[in-house]
Amino acid sequence: MSVKIRYFASMRDRMGKAEDTVVLEGSAMTVANLWKKISGQPLPSNTLIAVNMEYKDGNAEVKNGDEVAFFPPVTGG
Amino acid sequence: MKVEIHGIPFDPYAVTRDYENTLPKGKHGGVVTFVGTMRDFNDGHDVSSMFLDHYPGMTEAHILGVMEEAARLSNIMNAYVVHRVGDIKPSEPIVLVAVWAAHRADAFDACRYIINYLKERAPFWKREATPQGKRWVEHNTADPAAAAIGRAKRSA
């Protein structure tokens with residue numbers, strides 16, 4: 001399956017890129033497992049996750065064609 | 001209801017007037033506006049400028065979601081939100097929330113609800129330039145009383 005990954009703010013600085021497209025075996029996996037595959041590290045505790053622009057947690061399922069975003073707490077307004 | 005993201009400075013009072021001119025005449029009894037502007041200090045440091053990052057698409061959708069919640073909780077007639085992104089200088093407006101209603105209580109409640117939940121949920125990130133260098137702002141200041149009002153209303 002192919003998944004688009006996006007990083008924002010300090011997470012973009014940490015990963016050294018704004019986005020990536022990864023091709024993975026299988027038809028679905030959790031966000032937490034996706035993060036482990038792309039970073040080799042546990043997900044930082046304050047990281048927020050969005051799948052297809054909706055807030056989710058690490059247990060959410062990711063499927064082919066999804067857009068997954070990782071970012072720190074939001075500070076708008 | 002309408003949400004706009006602007007990459008360049010905007011005049012919150014002019015855009016509020018322009019938007020109000022598109023609304024039916026004589027129907028609302030008042031408009032409450034909140035205008036957030038950039039401070040030249042934060043957390044004990046001078047701040048000379050700021051960069052605001054956002055997630056195009058998700059940001060607009062979540063602001064509109066908050067506005068629709070506010071419209072379900074309060075009897076308002078319309079709402080309009082404008083938010084800056086990009087490079088911002090002190091005193092420039094960052095955000096405008098304008099709410100029109102027949103009566104003031106609904107307009108005040110909805111305006112406060114929208115700005116508070118926008119700050120909590122809409123994906124924006126501030127990076128400040130200080131004499132010590134650039135730093136991402138790690139958390140917003142809270143309005144716990146208003147958040148509690150919102151939670152109570154939402155669970156009612």
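The values are calculated or read from the model by the stated rules, or taken from the named source; none is laboratory data. Quick caveat: nothing in here was measured; it's all calculated off a predicted structure. FYI the Cβ positions are ideal-geometry reconstructions off the backbone, even for glycines, and counts take in every protein chain you see. These accessible areas exclude ligands, DNA and RNA; they are computed on the full protein's heavy atoms, side chains included. Shrake-Rupley method; radii C 1.70, N 1.55, O 1.52, S 1.80 Å.
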### Message
List the residue pairs whose Cβ atoms are under 8 Å apart, where the first residue sits in the stretch A:1-19 and is within 12 Å of chain B (Cβ to nearest Cβ), the second is assigned to a helix (DSSP H, G or I), and the two are 6 or more positions apart or on different chains.
### Response
A:Tyr7/A:Arg14; A:Tyr7/A:Met15; A:Ala18/A:Arg12
### Query
Restricting attention to the stretch B:73-91, which residues are surrounded by fewer than 24 Cβ atoms within 10 Å (Cβ to Cβ) and either within 14 Å of chain A (Cβ to nearest Cβ) or more than 16 Å from B:Ile5 (Cβ to Cβ) (or both)?
B:Leu73, B:Ser74, B:Asn75, B:Met77, B:Asn78, B:Val82, B:Val85, B:Gly86, B:Ile88, B:Lys89, B:Pro90, B:Ser91
#### Entry: Per-region count, the stretch B:26-41, residues under 27 Å from B:Lys89 (Cβ atoms) and out of contact with any Ser or Thr (no Cβ under 8 Å at 6 or more places or on another chain)
6
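Any residue in the stretch A:27-43 that is touching a Phe, Trp or Tyr at 6+ places or on another chain (Cβ under 6 Å) and at pLDDT 95 or above?
First, the residues of the stretch A:27-43 that are touching a Phe, Trp or Tyr at 6+ places or on another chain (Cβ under 6 Å): A:43.
Narrowing further to those that are at pLDDT 95 or above: none.
No, the stretch A:27-43 has no match at all.
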### Message
I'm trying to understand the selection: among the residues of the stretch A:19-29, which are surrounded by fewer than 13 Cβ atoms within 10 Å (Cβ to Cβ), part of a loop (DSSP other than H, G, I, E, B) and not hydroxyl-bearing (Ser, Thr, Tyr)?
### Response
A:Glu25, A:Gly26
### Task
Please find, among A:Met15, A:Met11, the residue that is under 12 Å from the mean Cα position of the chain (by Cα) and open to solvent by 40 Å² or more (accessible area, probe 1.4 Å).
A:Met15
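What number of residues within the stretch B:44-72 satisfy the criterion of being out of contact with any Pro (no Cβ under 9 Å at 6 or more places or on another chain), part of a helix (DSSP H, G or I), in contact (Cβ under 8 Å) with a residue 60 or more places away in the chain and within 13 Å of another protein chain (Cβ to nearest Cβ)?
So the count comes out to 2.
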### Message
Conditions first: (1) modelled with pLDDT under 95; (2) open to solvent by less than 20 Å² (accessible area, probe 1.4 Å). B:Ala148 passes all but one, so which condition is the exception?
### Response
(2)
### Query
Is there any pair with a first residue in the stretch B:93-118 that is under 10 Å from B:Ile76 (Cα atoms) and a second that is assigned to a helix (DSSP H, G or I) and open to solvent by less than 10 Å² (accessible area, probe 1.4 Å) whose Cβ atoms are under 6 Å apart and which are 6 or more apart or on different chains, and what are they?
B:Val99/B:Ala107; B:Val99/B:Ala110; B:Val99/B:Cys111; B:Ala101/B:Ala107; B:Ala110/B:Ala70
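Restricted to the stretch B:13-43, and to residues that are in a strand (DSSP E or B) and not hydroxyl-bearing (Ser, Thr, Tyr), which residue is nearest to the other protein chains (Cβ to nearest Cβ)? Step through it out loud before you land on a result.
Looking only at the stretch B:13-43, we keep the residues that are in a strand (DSSP E or B), and these are B:30-37, B:41-42.
Pick out the ones that are also not hydroxyl-bearing (Ser, Thr, Tyr) and you get B:30-32, B:34-36, B:41-42.
Numbers: B:Gly30: 22, B:Val31: 19, B:Val32: 16, B:Phe34: 9, B:Val35: 11, B:Gly36: 6, B:Phe41: 16, B:Asn42: 10 Å.
Per the stated criteria, the residue is B:Gly36.
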### Task
Report, by residue number, each residue of the stretch A:58-77 that is over 10 Å from the mean Cα position of the chain (by Cα) and closer than 30 Å to B:Arg112 by Cβ.
A:Pro72, A:Pro73, A:Val74, A:Thr75, A:Gly76, A:Gly77
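Identify, please: which residue in the stretch A:60-77 is more than 9 Å from chain B (Cβ to nearest Cβ) and not β-branched (Val, Ile, Thr) and is, among those, surrounded by the most Cβ atoms within 10 Å (Cβ to Cβ)?
Kept after step one, since they are more than 9 Å from chain B (Cβ to nearest Cβ), are these residues of the stretch A:60-77: A:60-68, A:70.
Subsequent filtering for residues that are not β-branched (Val, Ile, Thr) retains A:60-61, A:63-67, A:70.
Values: A:Ala60: 17, A:Glu61: 14, A:Lys63: 13, A:Asn64: 12, A:Gly65: 10, A:Asp66: 18, A:Glu67: 17, A:Phe70: 24.
It comes out as A:Phe70.
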### Task
Inspect the stretch A:7-17 for any residue being at pLDDT 95 or above, in a loop (DSSP other than H, G, I, E, B) and among the basic types (Lys, Arg) and give the result as yes or no.
yes
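Filter the stretch B:41-68 down to residues that are acidic (Asp, Glu) and either open to solvent by less than 20 Å² (accessible area, probe 1.4 Å) or more than 27 Å from A:Met11 (Cβ to Cβ) (or both), then give me how many there are.
Of the stretch B:41-68, the ones acidic (Asp, Glu) are B:43, B:46, B:53, B:60, B:68.
Narrowing the set further to residues that are either open to solvent by less than 20 Å² (accessible area, probe 1.4 Å) or more than 27 Å from A:Met11 (Cβ to Cβ) (or both) leaves B:53, B:68.
Qualifying residue count, the stretch B:41-68: 2.
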#### Entry: Residue count for the stretch A:30-59, restricted to those that are surrounded by 18 or more Cβ atoms within 10 Å (Cβ to Cβ), more than 14 Å from every other protein chain (Cβ to nearest Cβ) and either in contact (Cβ under 8 Å) with a residue 40 or more places away in the chain or not aromatic (Phe, Trp, Tyr) (or both)
2
